[in-house]
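One structure is given here, and the rest of the page talks about it.
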Amino acid sequence: MCYLRSDEKSHPDLTRLLLSFEIVHRAFFYQRARYKQRLLGDYGGSKLEDREPFLLRSCRSEKRSIEHTWKVGIMRSGFCEEFARQFRNVVAHAGKACSLVENQIDAVEQVCGVIESARSIHVYGKGRSGAVAVCLALRLKHFGYDTWFVGDIVKEGIKAHDVAVLFSGSGETSDVVDVAERARAVGAKVVSVTSFRDSALGRLSDITVVLPGGLEKGKGWDYLKAQLGQMREDEFYGAGEFELYAFLFQEAFLNALGSWKKISQSAVLERHEDDAIIHRGSPQGQGSR
């Protein structure tokens, strides 16, 4: 349980969030106690009602030491207050994204055009930028586009009339630049989302969307370390700011594309993986296998 200080009323949203964590926390230990009870056969009674005291005792004994650690550690460290401050910082940065993209509306329209005309779409990025790229690729697949993530083991080669959409804050990530070079060599279009238009990736791109926050790697590793040493305490770790803006960009782009093409939620659901829990033995579960 995450105990709040006396000023918890000043963070009502955080309080509700932490209460949600507490509910999940209690449910976890309760279910674990039920599992141990079934495993050991120690029911403490023949009926479910008779077994509840055993479950609650087991639940309390399981969670006592962890609860004490959380209570002491979080209250003394002020983590909850710091979390609230950082959450507000992230939201404030997100609010700046509007002006960043509105100043590049022509580039955004060109990105839409090349995606619509492409035979196949190849998306790529490394690390946390790669996580953003996967979000874009997955939803384009849901929209019915022939989309591939370059980092997958099973993938299709880039060919002429394709487009490669590449994410790199620095624009110097070697694997990403290599994909851009291969795409240009076969006559495919290259779209880059980066912080530096004059980077290696930017120079290879037909269309570039510039978002701030990436680390400049083009001047060498010593310069990169110097950048990290000069960062303020309220700034993002690494290229976190770029990755935040990149995620917001792709999410807005996808929502606009789906709305513009009148793609229904049901159409996306049909292509979405059926990852619901299968209740074995029930008629519903048997039908969903």
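Here are some notes:
- Sparsely packed GluC sites (Glu not before Pro) within segment 133-225, loop by DSSP, other Cβ within 10 Å at most 15: 156
- Here the gap between residue 160 and residue 102, fully extended at 0.36 nm per residue and compared with their Cα-Cα distance, gives a gain of 17.8 nm.
- Neighbour counts of other Cβ atoms within 10 Å put 237, 245 in the fewest-to-most order 237, 245.
- Exceeding the 22 Å Cα-Cα cut-off - candidates 126/155; 141/261; 155/261; 141/189: 155/261
- The modelled label-to-label distance for the pair residue 236/residue 264, using points 7 Å beyond Cα in the direction of Cβ, is 3.7 nm.
- Under 5 Å between amide hydrogens, built in the peptide plane, is the criterion, and for residue 165 it picks out 122, 123, 124, 191 among residues at least 5 positions away or on other chains.
- In order along segment 100-117, phi translates into HN-Hα couplings of 4, 7, 4, 6, 10, 4, 5, 5, 5, 5, 5, 4, 4, x, 6, 5, 5, 8 Hz, rounded to whole numbers, per the Karplus curve 6.51 cos²θ - 1.76 cosθ + 1.60 with θ = phi - 60° and x for Gly and Pro.
- Counted residue by residue at 0.36 nm each, then reduced by the alpha carbon distance between them, the extension gain from residue 174 to residue 83 reaches 29.3 nm.
- Working from label points 7 Å from Cα in the Cα-to-Cβ sense, the residue 90 to residue 255 distance is 1.7 nm.
Throughout, read-outs are computed from the coordinates displayed, never taken from laboratory work. For clarity, every value in this text was computed on a predicted model and none was experimentally measured. Reconstructed Cβ throughout: ideal geometry from the backbone, glycine too, with neighbour counts over all protein chains shown.
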